[in-house]
Amino acid sequence: MNEVLPIAAGSTAVPLLKDADHQALVVEYNATVASYPSDRTIIDLFREQVTRSPDAEAIRFGTATLTYRQLDERSNQMAALLSSTGMGPGRIAVVFMTHSIEVVVAILGVLKSGAAYVPVDAATPEGRIAIILKDISNGTDGRAPVVITQTGLQSVISPSLADIVVLDADFSSILNQPVSAGPPAATPDGTAYIIFTSGSTGTPKGVEIAHRSLVNYIWWAAGVYCSGEGLAWPLFSSLAFDLTVTTLFTPLIIGGRIVVYLGDPGMQSMVVLKIIDDNAVDIIKLTPAHLAMVRDRDLSSTRLRKFIVGGEDFKTELARDITKAIPHPVEIYNEYGPTEATVGCMIHRFDIDRDLAASVPIGIPAANTGIYVLGEAYQPTGPGVIGEMFIAGDGLAKGYFNRPDLTDERFRMATDPQGGFSNLRLYKTGDLARWNSKGSLEFLGRADHQVKVGGARVELGEIEARLLKHPHVPECAVVAISTSVAKPATQTAAQIGHSESPAPQDGIARLVAYYVSSKPLTVADLRAHLAEELLESMIPTYYVPLERMPLTSNGKIDRAALPEPTADNIQPTQDFTAPSTETEKTLAALWCDLLKIESIGRHDNFFDLGGESLLVMRAVSRMRKTFDLDVQLRNLFERPTLAGLAEMIDGMRWAANSGGTSLSEGPREEIEL
C-alpha cells in the first residue's frame, strides 16, 4: 500500500511556513467564516419556506404535483405515523424506495419525527442490505431499524431484521394521521442522515451527518447556486449517493421545485437523457460521466443554465464543450468533497478563458470550512510539496456509525494549523494534494486503495474481502485500471511512493480482480458470489487467475508486480466462440474498438466487458452509422450479447428490405455523437 507523509498521532506545536506563504495558503485561503442558522434544523428551514410560499409547487413527478403546503402536510402525516411506532430521536429509519414523490415525503417525515434516515438504493443486493440492517441494530442496542419501502421491493427485506412500513400499501393509515405539525423533535446536534459507503475492512461503513452540518452546507449551496432564485432541480441520482442531498434539500429551502425522474428498468444510468429531452429544469447536479452524456445531446434550446459537477476528476475539455454547446450563458461549478464533510467542501466556477489545465480546479473552501495540506506532525506544507489533505469546519461528520475505532483514526484532534496553539478537529481524507507556484491547490489522487467508479467511492479492500469469502479463493487483489495509460502525478510523487488514481478517458474506470484458487472457477461463479453483497459498480470487469500472488520482501502482495491485464491472461466470461456471421464480425470489431479489448466472442455480454452508460450511447450511434439502421438504446439492453444483438440487427435489415415491422419499433431516442 502506498504510504502518505507520516502524520503524528499526538498534538504538537506547528512550525509555521514562511510568513507570506503561511498567511496566503493557511490563513487567507481558509478565511471562510460565514453566518448561517446554526440553531435550526433542515426541517425548520423547510417549514419557514412553507410559510413564505405555501401554494407554490414544491415537487413534481410526471403529472402528479404537491405544493409546499401539501408536501408539509403529507410529511407531517408520515412523521405522526412513524412517531406512533416509537420513532424519534436516536432511532433510525432506512428508506429503501425508488424515485417518487413518496420517497421525499418519507425522508421529510423521518426527519420531522426526530429520527435519522438511511438512504439505500433500490438496486442494492439483499446481502448488502442485511449487513446494513444488522449494523444499525448493533449500534442501537439491538433495536431493529424501521425500513420504509414499497410493495415491489418488500420481498428483499427480511422481516427478522427490520420493522417494515410498506408506504404504498399502508397509505390509508398515513392519510388518517393529523396534517398539523407535531412538536419539534429534531435538534441541530441530532443526526439527520447516515450514508453507508464502501468500507476497506470488507463491510460498508455509515457516515453520520448532524442537522447543523447539513444546514451549513445547504444554506451555503442555496446562496451560491440559487442566489435567491426558485430553480427547478431534477431528482434522478441514487439516494444513497450524497451528491443527491444537494438536489433533495436545496430547492426546498429557497422556494424551488424538485422534478422527480425514474429510470427505465435496467437502464437507470440513461435517465439523464430523459432530463435533457424533457427540458423542465434549470440546474442539475451530476457526475462528469453523466455530463459527458449530456454533451452528446442537442443543447441548442435547453433551459439548463447551471451545472454542478462532482464525484470524479472533471476534465476542462468537457466543461469547455458544454459551455460552447449552449447558446446562452451558463454557470459550471466543480464541487469537491467526501461524504465525511457533508457533500461538498470546495468549489470552483469554471472560466473558459482562464481554466486551461487538463482538469478543472477544485477551487476554494466552502463556507465555514478549512482545507489544509499537511505533512509530518500536522505541519502545513509549502508550495510544490506533496502532503495529505485535511478538512476542518462545521461540515464535518459526527463520525462513523457504530465504529468508534475508525472514527478516532480518521477524525483527529490536532493543533490548529492557522495559529499553532489551539486544537482543531480534522478529517484525514487520504487525498494527496500540493500547492502550485500560483498558489492554487492541485489534487493528486489517493494515498490508499480507494477509487471512484461512476462517481461513487469504492474501497478495493471491501471487494477483496468479499472475494476472499469464496471457499476456493485464498488470495486475491483488486485494482482499478483505465482505458488509457495513467501517468504518475509527478516525478516527485512517484519517487516517494505515491500514485495517482486512474484517469480514464471520459471517466470510465474498470476493476480487475487477480485471484488464486484451489479449484478452477468460472467468471460467472465469481460474479455471482460478489453480487450477493456488492453493488453493481463494485463488481470487477476483468478476472485474472494466477498460480501465486507476487509478494514484497515483507510478505505483502506486491501490487506493482501484478501483470497488466491483457487478452492473454484475462479469464474469458465463458468458452470463446468466434463471431460467425458477417454482422457478428462487424459488430465485434465495433465493440472491440469501443471497449479497448482485442477480441469478443459470440456470447460475450457488452456490459460484462466494461460497457457503461457513455459507451452505450457511442455504441448505438456507431451501430446506426455502420448498419444504416435505427438501432435503439433499449435494443442493446435487451440483447446485450454479440450474437443476440447481431440477430436483432439482421432482423431489422430484413424488415427494412421487406417493408415489414422493425424489431426495434418504438419511440426513437435522439443520439448525436
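The values are calculated or read from the model by the stated rules, or taken from the named source; none is laboratory data. Everything numeric here is computed off the predicted structure, so don't read it as measured data. Glycine gets a Cβ as well: all are built from the backbone with ideal geometry, and neighbour counts include every protein chain shown. Each accessible area value is taken on the protein alone, full model and side chains, heavy atoms only, with ligands, DNA and RNA left out. Shrake-Rupley method; radii C 1.70, N 1.55, O 1.52, S 1.80 Å.
Key figures
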| item | result |
| --- | --- |
| Residue list for segment 227-259, filter: aliphatic (A, V, I, L, M) and assigned to a helix (DSSP H, G or I) | L243, V245, L248, L252, I253 |
| Qualifying residue in segment 571-578 (condition: in contact with a Pro (Cβ under 8 Å, 6 or more places away or on another chain) and hydrophobic (A, V, I, L, M, F, W, C)) | no |
| Identity of the residue in segment 83-107, in a loop (DSSP other than H, G, I, E, B) and of a type in the set (S, T, Y), that ends up farthest from L167 (Cα to Cα) | T85 |
| Matching residues, segment 260-296, being part of a loop (DSSP other than H, G, I, E, B) and either aromatic (F, W, Y) or under 19 Å from E331 (Cβ atoms) (or both) | Y261, N279, A280, V281, D282, T287 |
| Qualifying residue in segment 314-330 (condition: under 18 Å from the mean Cα position of the chain (by Cα) and buried (at least 23 other Cβ atoms within 10 Å of the Cβ)) | yes |
| Residue that is farthest from the chain's Cα centre (by Cα), among those in segment 50-77 that are in a helix (DSSP H, G or I) and closer than 22 Å to T246 by Cβ | R52 |
| Subset of segment 566-598 (residues that are more than 20 Å from E647 (Cβ to Cβ) and in a loop (DSSP other than H, G, I, E, B)) | T566, A567, D568, N569, I570, Q571, P572, K596, I597, E598 |
| Segment 108-137, residues that are of a type in the set (G, A, S), assigned to a loop (DSSP other than H, G, I, E, B) and crowded, with 24+ Cβ neighbours inside 10 Å | S113, G114, A115 |
| Matching entry among E612, E564, E536, E582 (being out of contact with any Asp or Glu (no Cβ under 9 Å at 6 or more places or on another chain), within 20 Å of G202 (Cα to Cα) and open to solvent by 40 Å² or more (accessible area, probe 1.4 Å)) | E536 |
| Selection status of G419, assigned to a loop (DSSP other than H, G, I, E, B), open to solvent by 10 Å² or more (accessible area, probe 1.4 Å) and touching a Leu at 6+ places or on another chain (Cβ under 9 Å) | no |
| Leading residue by the ranking (nearest to the chain's Cα centre (by Cα)) among those in segment 331-343 that are buried (at least 22 other Cβ atoms within 10 Å of the Cβ) and at pLDDT 95 or above | V343 |
| Test: residue in segment 581-600 that is basic (K, R), in contact (Cβ under 8 Å) with a residue 60 or more places away in the chain, touching a strand residue (DSSP E or B) at 6+ places or on another chain (Cβ under 9 Å) and under 29 Å from H449 (Cβ atoms) | no |
| Pick from segment 461-514, criterion modelled with pLDDT of 50 or more and over 28 Å from G611 (Cβ atoms), ranking: nearest to the chain's Cα centre (by Cα) | E475 |
| Residue, modelled with the highest pLDDT, within segment 1-28, restricted to residues that are surrounded by 18 or more Cβ atoms within 10 Å (Cβ to Cβ) and either under 29 Å from the mean Cα position of the chain (by Cα) or assigned by TED's automatic domain parsing to the domain that holds G223 (or both) | I7 |
| Filter pass, G439 being open to solvent by less than 50 Å² (accessible area, probe 1.4 Å), not polar (S, T, N, Q) and not in a strand (DSSP E or B) | yes |
| Residue in segment 404-411 that is open to solvent by less than 20 Å² (accessible area, probe 1.4 Å) and not in a loop (DSSP other than H, G, I, E, B) present | yes |
| Residues that are part of a loop (DSSP other than H, G, I, E, B) and either under 19 Å from S100 (Cα atoms) or open to solvent by 50 Å² or more (accessible area, probe 1.4 Å) (or both), drawn from segment 32-49 | V33, S35, D39, R40 |
| Among the candidates R91, R52, R60, R69, residue that is open to solvent by 10 Å² or more (accessible area, probe 1.4 Å) and either touching a Pro at 6+ places or on another chain (Cβ under 6 Å) or in the same structural domain as L535 (by TED's automatic domain parsing) (or both) | R69 |
| Residue, nearest to W654 (Cα to Cα), within segment 562-594, restricted to residues that are aliphatic (A, V, I, L, M) and at pLDDT below 90 | A578 |
| Unique residue being within 22 Å of I481 (Cα to Cα), of a type in the set (G, A, S) and either in contact with a Pro (Cβ under 7 Å, 6 or more places away or on another chain) or modelled with pLDDT under 90 (or both) when the list is G610, G601 | G610 |
| Out of A280, A221, sole residue that is among the aliphatic types (A, V, I, L, M) and either under 20 Å from the mean Cα position of the chain (by Cα) or open to solvent by less than 10 Å² (accessible area, probe 1.4 Å) (or both) | A221 |
| Residue in segment 167-184 that is within 27 Å of the chain's Cα centre (by Cα) and open to solvent by less than 20 Å² (accessible area, probe 1.4 Å) present | yes |
